[in-house]
1. Once the stretch 43-155 is represented by equal point scatterers at the alpha-carbon sites, with solvent omitted, what log10 I(q)/I(0) does the Debye formula produce at q = 0.13, 0.14, 0.15, 0.23 Å⁻¹?
2. Which lysines, on any chain, are close to LYS90 with Cα under 23 Å apart, when same-chain ones fewer than 8 places away are left out?
3. Simple spin-label model, 7 Å along Cα-to-Cβ: LEU21 to GLU72 in nm?
4. How would the stretch 21-91 be classified by its alpha-carbon gyration tensor: rounded, prolate or oblate, with rounded meaning a/c under 1.5 and the a/b versus b/c comparison settling the rest?
5. What relative contact order, as a whole-number percentage, does the chain give when Cα pairs under 8 Å and 6 or more residues apart are counted?
6. Quick one: if the Förster radius is 45 Å, what FRET efficiency do GLN150 and THR34 give, using the C-beta to C-beta distance and rounding to 0.05?
7. Could you state the angle between the C-alpha long axis of helix 2-26 and the longest principal axis of the C-alpha atoms of the chain, as a value from 0 to 90 degrees rounded to the nearest 10?
8. Project the alpha carbons of the chain onto their principal axes and report the range along each, largest first, in whole Å.
Amino acid sequence: PAIVLVLAAVAGGTLALGTVLLQEGLDGTLRNATEASSLVEIPIVGVLPVISPEIRSKEYADALIQEPVILESYRSLLRSSEFAANEDIKVIVVSSALSGEGKSLDSSYPAAVAATLSRRTLLIDADLRCPTQHQLFKLAAKPGLAEVAQGKLALAEAVQATGIDKLKVLCSGRPRSHPSELFESKQIQQVIATAASQYDLIVIDTPPVTSCVDAVSLCDKGEKLLLV
């Protein structure tokens, strides 16, 4: 019995250890920035906190004032982005690999933080396939970017004010049947150039990079891509 007990303990311990190692090997969850940096060859400029539905339901100005952790996290993100780029960033294009990863939320909060820091900021909803910024800020979805790029409205006529003094939003508007044509046109670059002459910072919310190449097209002129 003693030998059987020892063999059973060794076999049970080996099986348990093997099971743990197998689960660890199959688990692809990223738990911190160090693990993420070991998998990608691009700079990690920030780690953002989870924002609860209760905070997301508040007005942006109230959420930033009442939650200093959020304010400092996105302020650090802006500063780290500029430090990584080694220059003052004028235009930030925000995207993600897949939908549902938070790129729209992570477009709106940096824009809100920049505005609270007295920077004239324009948030552009360029996700014409699935726009969400008008819902986050409770604004009208149109007119917006599509109408400005098509020459139907001037930029100043399409932007909408928010509850934050220096933050304006250019919603998606009503796109043509093929939004990709808009992003390959010179008009979209003219809209961005006009906005850059009127604002200190432009943050552009774009579709996920695996669904279309809108974000890549917008970065063609040297704008910085922030990947969530």
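Any read-out appearing in this document is the output of simple, stated calculations on the displayed coordinates, not a laboratory observation. In this text, all values refer to a predicted model and were calculated from it rather than measured experimentally. Counting neighbours? That spans all protein chains shown, and the Cβs are built from the backbone with ideal geometry, glycine included.
1. The Cα Debye sum returns log10 ratios of -0.54, -0.63, -0.73, -1.51.
2. LYS103, LYS166, LYS168, LYS186, LYS221, LYS224
3. So the label points at LEU21 and GLU72 sit 4.2 nm apart.
4. Values: a/c = 3.53, a/b = 1.31, b/c = 2.70.
The shape class here is oblate.
5. Numbers: 327 pairs, mean separation 57.3, N = 228.
Relative contact order of the chain: 25 percent.
6. Numbers: r = 46 Å, r/R0 = 1.02.
Plugging the Cβ-Cβ distance into 1/(1 + (r/R0)^6) gives 0.45.
7. Between the helix axis and the principal axis of the chain, the angle is about 10 degrees.
8. Sorted from largest, the Cα extents of the chain read 88, 40, 34 Å.
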